[in-house]
């Protein structure tokens, strides 16, 4: 699954709504705007500037946010592949029921 990269010009509220895992990254950098009423119309960069962050700090935070999103995407992909190897539960239950019925005959 290809995700759009998180950038400075994205609204804080939209990013958190679409990628809740990014909220912890923002808070860890001192950007507590995730729960603020202005998050709905303030960009990541505006929030960062309001909290005194410089370009390097903003870039690092955005990098970590994208890594958090990519990490979950990768986990979903791996789990999806693992699930392919699991037996079909409905088929398993059907077979189990048939075996039980044969034993009762």
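FYI, it's all coordinate maths here, none of it is from the lab. Keep in mind that what you see is a predicted model, and the values were worked out from it rather than measured. Cβ coordinates were reconstructed from backbone atoms using ideal geometry, including for glycine residues, and neighbour counts include every protein chain displayed.
Numbers for the structure displayed
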item	result
Ordering of 32-42, 61-71 by burial proxy (mean other Cβ atoms within 10 Å per residue, highest first)	61-71, 32-42
Label-point separation, residue 56 to residue 98 (7 Å along Cα→Cβ), nm	6.8
Ranking of 59, 9 by count of other Cβ atoms within 10 Å, fewest first	9, 59
